[in-house]
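Visitor: Can you keep this structure in mind? I'll have questions shortly.
The values are calculated or read from the model by the stated rules, or taken from the named source; none is laboratory data. Not measured: the values here are computed from a predicted model. With ideal geometry, Cβ positions are generated from the backbone for all residues, glycine too; neighbour counts draw on all protein chains shown. Quick note on the areas: whole protein, heavy atoms, side chains included, nothing else; ligands and nucleic acids left out. Shrake-Rupley method; radii C 1.70, N 1.55, O 1.52, S 1.80 Å.
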Amino acid sequence: MLTYPHIDPIALSLGPLKVHWYGLMYLLGFGSAYLLALWRAKRIGWTNDQVADLIFYCAMGVIIGGRLGYVFFYGFDRFINDPLWAIRLWEGGMSFHGGFLGVLVAGFLFARRYNTPWLEITDLLAVIVPPGLMFGRIGNFIGGELWGRPVTNPELPWGMVFPHVDALARHPSQLYEALFEGLVLFLVIFIFTLKPRPRMAASSLFLIGYGLARFNIEFFREPDVDQGFVLFNWMTKGQMLTAPMIILGVVLLIISYRKSNVARVAEQSRAALAKRS
């Protein structure tokens, strides 16, 4: 059994300047996305300025969408009583699903500005986003938040006591999410996209992969105190918001490959007609 190592939330102090671990994780997330996008840009003919603009758009989408998602998905009652709470970011509270929607909107606005197919943007985002999710979950762990449920097997070697919560050994679910929603998902999509794939396939795989990882890890993560179980007395708010991602991802993946097959057959037919003529 392990004990959660209390970590100072301030990673670095330079006089009055204090760099918090959580902010540093955001910086690492956006930085990794930028470097990956630069590498991928060579394959799709983008300039470095376009990549920088995309990361800026997505950063705004993450921050604005993440905050609004938290307000409306998890704290709407508080918002009704105190509307200014929505802009007090320093009090904490960000939602993945809100940030996800924010990034989709940001990608759409970027696509309109540069006259680029939106699904080309989302396929790129599917590759560059997971490392940021990994760093974000590591930030949750450092902050000692979003801890797991008590372990059912007392012999579990990585069961961890979070002293600021209670004396029970719990799952370090933040690290589970960092591993599967971040690193594993990134490797799967990165390897998948090394070969040319139909448009929308990478986006679909992200929806399926993230959805499956998040839905299953929620069984090891303690439900939010103010939310509890919201459906069937076992489904959490995170699972309720994530399940549609899995379904949508499967549907879009099927559509993607069917459209690709239709296009390939049509191209073969045109080539055959051209030879006959």
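Visitor: Taking the condition open to solvent by less than 30 Å² (accessible area, probe 1.4 Å) and either in a helix (DSSP H, G or I) or within 16 Å of Ile121 (Cβ to Cβ) (or both), does Gly61 pass?
Guide: Yes; evaluated as a whole, the condition is true for this residue.
Visitor: Taking the range 218-234, which residues are surrounded by fewer than 16 Cβ atoms within 10 Å (Cβ to Cβ) and among the aliphatic types (A, V, I, L, M)?
Guide: Val225, Leu231 - these are the residues of the range 218-234 that are surrounded by fewer than 16 Cβ atoms within 10 Å (Cβ to Cβ) and among the aliphatic types (A, V, I, L, M).
Visitor: Out of Leu27, Leu17, Leu12, Leu68, report the one residue that is without any contact (Cβ under 8 Å) to a residue 40 or more places away in the chain, in contact with a helix residue (DSSP H, G or I) (Cβ under 7 Å, 6 or more places away or on another chain) and either under 17 Å from Gly143 (Cα atoms) or among the hydrophobic types (A, V, I, L, M, F, W, C) (or both).
Guide: After applying the criteria, what remains is Leu68.
Visitor: Inside the range 70-80, can you point out the residues that are open to solvent by 40 Å² or more (accessible area, probe 1.4 Å) and either not in a helix (DSSP H, G or I) or not acidic (Asp, Glu) (or both)?
Guide: Tyr70, Phe72, Phe73, Phe76, Arg78, Phe79, Ile80
Visitor: Hey, another quick one. Quick check on the range 179-209: of everything there that is over 14 Å from Leu125 (Cα atoms) and touching a Ser or Thr at 6+ places or on another chain (Cβ under 9 Å), which residue is surrounded by the fewest Cβ atoms within 10 Å (Cβ to Cβ)?
Guide: Going through the qualifying residues, I end up with Arg197.
Visitor: Do we have Leu248 as farther than 30 Å from Thr152 by Cβ, of a type in the set (A, V, I, L, M), open to solvent by 50 Å² or more (accessible area, probe 1.4 Å) and modelled with pLDDT under 70 here?
Guide: Criteria not met by Leu248.
Visitor: Do we have any residue at all in the range 26-41 that's farther than 24 Å from Phe108 by Cβ, part of a helix (DSSP H, G or I) and modelled with pLDDT under 90?
Guide: Looking through the range 26-41, none of the residues is farther than 24 Å from Phe108 by Cβ, part of a helix (DSSP H, G or I) and modelled with pLDDT under 90.
Visitor: Would you point out the residue of the range 129-178, among those that are among the acidic types (Asp, Glu) and within 17 Å of Asp224 (Cβ to Cβ), that is surrounded by the most Cβ atoms within 10 Å (Cβ to Cβ)?
Guide: By that ranking, first place goes to Glu177.
Visitor: Still on this structure: So which residues in the range 102-124 are in contact with a Lys or Arg (Cβ under 9 Å, 6 or more places away or on another chain) and open to solvent by 20 Å² or more (accessible area, probe 1.4 Å), if there are any at all?
Guide: Residues satisfying the conditions are Pro117, Trp118, Leu119, Glu120, Asp123.
Visitor: One residue is enough: does the range 228-237 have a residue meeting the conditions under 24 Å from Leu101 (Cβ atoms), aliphatic (A, V, I, L, M) and in contact (Cβ under 8 Å) with a residue 40 or more places away in the chain?
Guide: no
Visitor: Looking at the range 156-185, I want the residues that are closer than 13 Å to Glu222 by Cβ and have a partner that is open to solvent by 70 Å² or more (accessible area, probe 1.4 Å) and among the hydroxyl-bearing types (Ser, Thr, Tyr) with Cβ atoms under 8 Å, at least 6 apart or on another chain. Which pairs are those?
Guide: Here the result reads Met160/Thr3, each pair linking the range 156-185 to a residue that is open to solvent by 70 Å² or more (accessible area, probe 1.4 Å) and among the hydroxyl-bearing types (Ser, Thr, Tyr).
Visitor: Just to be sure I understand, how many residues within the range 68-112 are closer than 27 Å to Gly144 by Cβ, in contact with a Ser or Thr (Cβ under 8 Å, 6 or more places away or on another chain) and small (Gly, Ala, Ser)?
Guide: Looking only at that region, the number is 1.
Visitor: Quick one: which helices (runs of 4 or more DSSP H) lie wholly within the range 90-205 and hold at least 3 residues that are closer than 30 Å to Asp49 by Cα and over 22 Å from the mean Cα position of the chain (by Cα)?
Guide: 96-114
Visitor: Tell me yes or no: at least one residue of the range 81-98 is among the charged types (D, E, K, R) and surrounded by 11 or more Cβ atoms within 10 Å (Cβ to Cβ).
Guide: Yes, the range 81-98 contains at least one residue that is among the charged types (D, E, K, R) and surrounded by 11 or more Cβ atoms within 10 Å (Cβ to Cβ).
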